[in-house]
Amino acid sequence: MTNFQVKTYDEYQQAYQRSLEDPESFWSDIASTFTWRKKWNTTLEWNFEEPDVKWFKGGKLNITENCLDRHLKTRGNKLALIWEPNDPKERFVRYTYRELHEKVCQFANVLKKNGVQKGDRVCIYMPMIPELAFAVLACARIGAIHSVIFAGFSAVSMADRINDAGAKMVLTSDGLNRGAKQIPVKRVVDEALETCPTIEKVIVVERLGWAVNMVEGRDVWYHDEVKDVSKECPAEIMDAEDMLFILYTSGSTGKPKGVVHTCGGYMVYAEYSFRNVFQYEESDIYWCTADIGWITGHTYLLYGPLLAGATTLMFEGVPTYPDMGRFWQVCDKFGVTIFYTAPTAIRSLMGGDIDDVLSYSLDSLRVLGSVGEPINEEAWHWYHTHVGKERCPVVDTWWQTETGGIMISTLANVTPMKPSHATLPLPGVHPILVDSDGKEITENGVEGHLCIKHPWPSMIRTTYGDHERCRLSYFSTYKGLYFTGDGAKRDENGLYRIIGRVDDVINVSGHRFGTAEIEEAINHNNHVIESAVVGFPHDVKGQGIYAFVICKDKPENEEWLRAEIIETVVEKIGKIARPDKIQIVSGLPKTRSGKIMRRILRKVAEGDVSNLGDTSTLLDPAVVDEIVEGSLSKAKV
Ligand code: WT7
């Protein structure tokens, strides 16, 4: 039985109060509703200095027993997973909880047969096909640590992540469908593996039926391996604090960091937050459009809904193929009741013909969600009016890869909703705003840096292989607090509005990049001496990437050079990090100590050059005039 889904505002307030007064009994009661092989000894041990956080210490469990086995008696024939392919003419596929259990066990047996053991790291680089879901859960089943890499990342990015994790195996496919395009995934893996000595095996799932290069002794086809394995696979018993997965994300330095989540706390928070935010009901058909390569796909496409025994929909394609009505067509086709997507998708569809939405009934929808970046009021209203028909609440969910689950959000039809506001924290989450000295601001109607002052079960435990980096990134800016990197406002009524990053991280279509990471990639180009990257407001992507680049010699053809620089970024990171604008400059605005004044570059990138502030402290103030002039002329793409 679940007793942790609050249903009224009163219940919300009571739960919130209780979580403040006695967080341990609050979380311990919630955790008790799960299947544990052994109960925990202590609910929470923590200190934010190290940091060292342990939830449910001594508890033993397997998250897949909670996602699958525990539902078999009551929901064995209920649909667990619906898979809708890229091409609407191809048939969709459905799996009941019993079938999904079998598929996961089979995949787990294939992993074991190919040498994967508890604690091994397995890299998953796959398109949005059912086998991706099986693969993730199969790792969890046998206690292997999954590290999913979004299949849009380049070979170089993949290799960096594989090497950082010391992964033993890659799970991939021959190719993938993305709208009208087909992409040779296995070729990218082959290229990456040229520099990955720890990889022993590659398992390839057939999606396109392409002939691909198979390395003897290293690469095997999934369909061959699965032929003679059992449909049963006992779940490995894990400690609550054993690693469940690593997921790489960008920070303000060049190298992405491996955010580590552990089994017990992540499980508890995934179901808890899923049920409360979306106000899940047994008959719901739930669709989260995120790719499993991102944390949203981990927590709210797979783990959260499956833990709750829900029917979750997985979509291989893109919102604009074969036309701009694809999302709404899928909603009608399956009678989707809860729909969770990103502002960037909404903004791109807003640009289309309104009939692409209005020609679908969308009658089944009852809750809409938004995630990944601030949702501007225009997009919020379009979503609420045309998709939700003013009938469905829009829950604007704020969270991060590091938080593991939704932290601040309206609970659908339970707590207040306000356009462009994430609103209130979930019970058990204790956000505060601090000023630049780290002093807590307690009034309402204020703005500050968003921090969390008490641990929650699904919080980051470490950054893989480098605990100090975890401490420095999140726990050292403000003593005794987890610092999110976001700035936020709290309105007169105490509702939060997330403004955006206050560090050198930019958010492009809901994807996070460190400016340093993109600069590092650009600097690999032979013609480039130095570069500085900033974000700028972009109508569809939220933020676009603007690069200021200093070249060795005056380029003969600036067009070609820009194309080459873009090519370098695509090669080092992937298409998703392509700069939108590249301006060739002869110098960058630097302080006398050599620090780039990004504030000035940001203003230029925004097109707001009327007031650049004090530039007299710069090493070479004249450079600013040149940059402004260049930005106004055609010296950029
Ligand atoms: C950053 C985290 C959480 C899953 C997807 C992104 C921004 C996220 C919101 C929101 C305003 C948001 C923040 C955050 N962000 N959700 N509802 N409103 N901003 O995960 O890649 O770890 O990025 O995304 O800036 O710090 P992520």
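The values are calculated or read from the model by the stated rules, or taken from the named source; none is laboratory data. The structure displayed is predicted, hence computed values, not measured ones. Using ideal geometry, Cβ is built from the backbone for each residue, glycine included, and neighbour counts are taken over all protein chains shown. For accessibility, only protein heavy atoms count, side chains too; no ligands or nucleic acids. Shrake-Rupley method; radii C 1.70, N 1.55, O 1.52, S 1.80 Å.
Brief remarks on what is shown
- Close Lys pairs in segment 506-633, defined as Cα atoms under 26 Å apart and 8 or more places apart or on different chains, number 23.
- Note that segment 506-633 presents 47 Å² accessible area per residue, ligands and nucleic acids not counted, probe 1.4 Å.
- Listed by chain and number, the aspartates and glutamates whose C-alpha is less than 19 Å from the C-alpha of K103, apart from same-chain residues fewer than 8 away, are E65, D69, E84, E131, E206, D224, E225, D228, E232, E236, E316.
- Segment 44-58 - phi-based ³J(HN,Hα) in whole Hz, Karplus 6.51/-1.76/1.60, Gly and Pro as x: 8, 10, 7, 7, 8, 7, 5, x, 9, 10, 10, 9, 6, 4, x
- Fraction of accessible area attributable to carbon and sulfur, the chain (%, probe 1.4 Å): 48
- With the simple model of a label 7 Å out from the Cα in the direction of the Cβ, N444 to V570 spans 5.1 nm.
- Debye, to nearest 20: dipole size of segment 128-201, +1 on Lys, Arg Cβ, -1 on Asp, Glu Cβ: 220
- Segment 371-422 and segment 298-368 have Cα centres lying 15 Å from one another.
- Pairwise Cα distances in segment 342-452 exceed 17 Å for 60 percent of all pairs.
- From phi via Karplus (6.51, -1.76, 1.60), per-residue ³J(HN,Hα) for segment 21-35 in Hz, x at Gly/Pro: 6, 9, x, 5, 5, 4, 6, 5, 5, 5, 4, 5, 7, 9, 8
- Sorted largest first, extent of segment 93-236 alpha carbons per principal axis (Å): 37, 35, 25
- Where GluC sites (Glu not before Pro) fall in DSSP loop in segment 526-614, at most 12 other Cβ within 10 Å: E556
- The H on the amide N of N86, modeled in the peptide plane, is under 5 Å from the matching H of E316, G317, each at least 5 residues off or on a different chain.
- At full extension, E11 and E556 could sit 189.4 nm farther apart than now, given 0.36 nm per residue minus the alpha carbon distance.
- One quarter of the surface of the convex hull around the alpha-carbon atoms of the chain equals 28.0 nm², the direction-averaged projected area.
- Span from the segment 526-542 Cα centroid across to the segment 1-37 one, whole angstrom: 44
- 12 Å reach of a label modelled at E629, 7 Å along Cα-to-Cβ, counting backbone N of segment 598-623: 622-623
- Full-extension gain in nm, D22 to D224, via 0.36 nm per residue minus C-alpha separation: 67.4 nm
- Given their separation in residues at 0.36 nm each and the Cα-Cα distance between them, E206 and W46 gain 53.1 nm when the chain is fully extended.
- Which listed pairs, of K181/K201; K39/K112; K39/K479; K113/K181; K89/K389; K168/K255, have C-alpha distances above 23 Å, in listed order: K181/K201; K39/K112; K39/K479; K113/K181; K89/K389
- Candidate aspartates and glutamates - alpha carbon under 12 Å from K231, same-chain residues fewer than 8 apart omitted: E99, E102
- Normalised by the number of residues in segment 349-472, the mean separation of alpha-carbon contacts (under 8 Å, six or more apart) gives a relative contact order of 17 percent.
- Shown is the FRET efficiency for E216 and K479, computed with R0 = 41 Å from the Cβ-Cβ distance and rounded to the nearest 0.05: 0.15.
- Less than 5 angstrom separates the built amide H of D120 from those of I145, all sequence-distant by 5 or more or on a different chain.
- Summed over the residues of segment 93-236 and divided among them, the accessible surface reaches 37 Å² per residue at a probe radius of 1.4 Å.
- Helix-only mean residue ellipticity at 222 nm for the chain, each DSSP H run of n ≥ 4 adding -39500 (n - 2.57), per residue, nearest 500: -8000 deg cm²/dmol
- The chain: Cys lacking any partner C-beta under 4.7 angstrom: C67, C123, C139, C196, C263, C288, C331, C392, C451, C470, C551
- Per-residue ³J(HN,Hα) for segment 140-149, Karplus 6.51 cos²θ - 1.76 cosθ + 1.60, θ = phi - 60°, Hz, x for Gly and Pro: 4, 4, 9, x, 7, 8, 8, 10, 7, 10
- The chain: relative contact order in percent, alpha carbon pairs under 8 Å with at least 6 residues between: 13
- Rounded to 5, percent antiparallel among DSSP beta bridges of the chain: 60
- Label-to-label distance, S364 versus T35, with points set 7 angstrom from Cα along the beta-carbon direction: 2.8 nm.
- Treating r as the C-beta distance of E281 and D491 and R0 as 35 Å, the FRET efficiency rounds to 0.70.
- Relative contact order of segment 411-535, defined on C-alpha pairs under 8 angstrom at six or more residues apart (%): 21
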